[in-house]
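These notes are about the structure you will find just below.
The values are calculated or read from the model by the stated rules, or taken from the named source; none is laboratory data. These numbers come from a predicted model, not from an experiment. Cβ placement follows ideal geometry from the backbone for every residue including glycine, while neighbour counts extend to all protein chains displayed. Side chains included, ligands, DNA and RNA excluded: accessible areas come from the protein's heavy atoms. Shrake-Rupley method; radii C 1.70, N 1.55, O 1.52, S 1.80 Å.
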Amino acid sequence: MRRGISVILACLFVSLLSASAQAGSLSVRLVRASHTAGGSSSGLGDVIPVFQKSLPYSHYSLAGSTSMTLPASKATRQLGGYSVTCSGSQNSLAITVKHGRKQLLNTSVRLSRGKPLILGGFPSGQDKLVLVFVAR
Amino acid sequence: MSGKPDVLLEQAKNGDVDAFAELFENLRPSVHAVACRLVGTADADDVVMDTYLKAWKALPRFGERASLKTWLYRITRNCGLDLIRSRSRRPAFVLQGNDERENPLENLPDETQRLPGEDLERDELVDCVKAAMSRLPPKHRLALQLRFTDDLSYGEMAAVMGVSIGTVMSRLFNGKRKLRKILEEAE
Amino acid sequence: MSRLPWRKIETSLRTERPESGMKPADAFWSDFKARARLCNQDSPVGSVRVPMFLRWGLATTCAAALLAVVVTQGGLGSTEGGSHIKSLEVVASHSAVMIIEDEPTESTILWIVDMSLDRGEST
């Protein structure tokens with residue numbers, strides 16, 4: 001009897017844990033970092049302080065945004081000439097960034113809800129492009 | 001006697017103190033150097049002894065997958081913290097991995113200001129770097145010293161500093177930037 | 001203002017090693033052996049057999065505790081630690097990779113220095 005209750009509790013726990021760890025959405029924003037003014041920084045309030053503290057650019061503007069559901073299965077989105085493909089769940093998300101057909105980087109990350117993961121340094125003329133991933 | 005490390009490790013785990021001594025003697029200079037960074041040269045030998053006694057006691061539970069050196073550095077850090085806490089006579093507290101607000105290592109002794117041999121003639125840049133190091137925040141100074149003076153890996157530094165490897169890299173990056181800035185301002 | 005090469009600074013840092021002053025090996029190890037005799041080594045992990053009924057009890061307690069965390073905190077992994085990088089492969093040509101962790105916001109920046117679009121793996 002006691003063992004039966006334990007098993008039921010364990011199953012309940014595993015299913016709840018699995019559902020809570022995997023369900024959610026992922027917002028992806030493309031940000032232009034530059035030394036010259038231009039564009040709007042609206043929609044970047046959560047990451048501008050981080051940029052200003054750590055990166056050597058004076059202006060940041062939103063160049064595009066998209067979202068996808070998690071877990072994702074090779075979900076691909078186009079942002080400013082770059083394509084971003086995501087697979088997996090919040091705890092283990094594989095991200096591939098391409099420019100046209102050229103693969104630029106592959107990374108595997110763990111995302112905590114509301115804590116931005118920023119991939120940057122993608123060239124765009126004199127500016128740099130930055131991808132901001134936030135799990136919700 | 002000079003046995004293979006894995007054989008010595010197995011013997012030491014089974015209570016052979018001579019095997020333990022042979023296995024760990026090679027690591028003693030590195031552990032001593034780290035202890036100097038943490039508590040200063042005067043107390044470093046005590047921290048090394050505490051570290052080795054704790055390592056001896058816990059060795060049977062040492063997992064083969066971990067690096068012996070990194071494991072030993074983690075114990076060194078804990079022994080160093082114990083000593084710093086006993087010095088300050090403050091109530092003990094749990095040190096969180098990335099919590100820098102109450103990190104006793106923030107109050108490290110300034111080794112750069114009391115190195116022996118100050119009277120020796122030195123290269124001008126060495127003096128400038130030394131002076132600039134003393135102006136760095138302790139966490140950045142420790143990161144630069146462990147990496148560039150003591151040649152520790154990122155993993156070993158993380159064990160000594162009690163932070164993640166990412167934080168180690170971040171502190172190195174910021175430490176280098178700040179050190180360069182201080183040096184350029186002094187030019 | 002001329003930019004000081006990091007290599008020169010690094011060379012200077014290497015000379016910063018404090019004088020060892022380490023106890024001689026003989027003295028250290030004779031002291032150590034005397035003290036080691038007074039403390040027993042721990043038992044290796046895994047040698048203790050936990051009775052089956054205790055294992056189930058423990059598992060149930062842990063499950064219940066974790067269940068409580070999931071229900072009250074809105075999911076594991078959502079509140080502890082920040083986002084971080086587990087692995088990385090940069091295919092494009094570049095000169096360096098920097099990982100910066102911003103501790104107050106628990107965010108992570110991966111910055112690829114001097115990335116060039118000239119070289120990359122075509123798919």
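Treat each spin label as a single point 7 Å out from the Cα along the C-beta direction, and report the B:Ile165 to B:Glu25 distance in nm.
Reported label-point gap for B:Ile165 and B:Glu25 is 3.3 nm.
So for segment C:82-123, averaging the separation of alpha carbon pairs under 8 Å that are six or more residues apart and normalising by length, what relative contact order in percent results?
After rounding, I find 44 percent.
Given the whole protein assembly as supplied and a 1.4 Å probe, what does the accessible area of B:Cys128 come to in Å², nearest 10?
Near enough 60 Å² of accessible area.
Whole number in Å², please: accessible area per residue of segment C:82-123, 1.4 Å probe, ligands, DNA and RNA not counted.
That works out to 47 Å² per residue.
Over the whole of A:115-127, what's the average partner chain Cβ count within 10 Å per residue? Rounded to a whole number, please.
If you average over the peptide's residues, the count of other-chain Cβ atoms is 6.
Using the Cβ atoms and a cut-off under 14 Å, what net charge is assigned to the surroundings of A:Gln52, where Lys and Arg are +1 and Asp and Glu are -1?
With Lys, Arg at +1 and Asp, Glu at -1, the neighbours total -1.
Summarise the partner chain shielding of C:29-40 as one whole number: the mean count of Cβ atoms from other chains within 10 Å of each residue's Cβ.
The shielding value for this peptide is 4.
Chains B and C: what accessible area do they bury, summed, in square angstrom to the nearest 100, with a 1.4 Å probe?
Accessible area lost upon association: around 4600 Å².
How would B:Arg171, C:Arg35 line up by accessible area, probe 1.4 Å, largest first?
Listed by decreasing accessible area, they come as C:Arg35, B:Arg171.
Sort B:46-52, A:103-109 for me by packing, meaning the mean count of neighbouring Cβ atoms within 10 Å per residue, highest on top.
Descending mean neighbour count gives B:46-52, A:103-109.
Calculate the mean, over all residues of peptide C:93-102, of how many other protein chain Cβ atoms lie within 10 angstrom of the residue's Cβ.
6
Taking a quarter of the surface of the Cα convex hull of segment A:24-135, what do you get in nm²?
For segment A:24-135, the mean projected area of the Cα convex hull comes to 6.5 nm².
Return the value, in Å² to the nearest 100, of accessible area buried between chains A and C (probe 1.4 Å, both sides summed).
Counting protein atoms only, the buried area is about 4100 Å².
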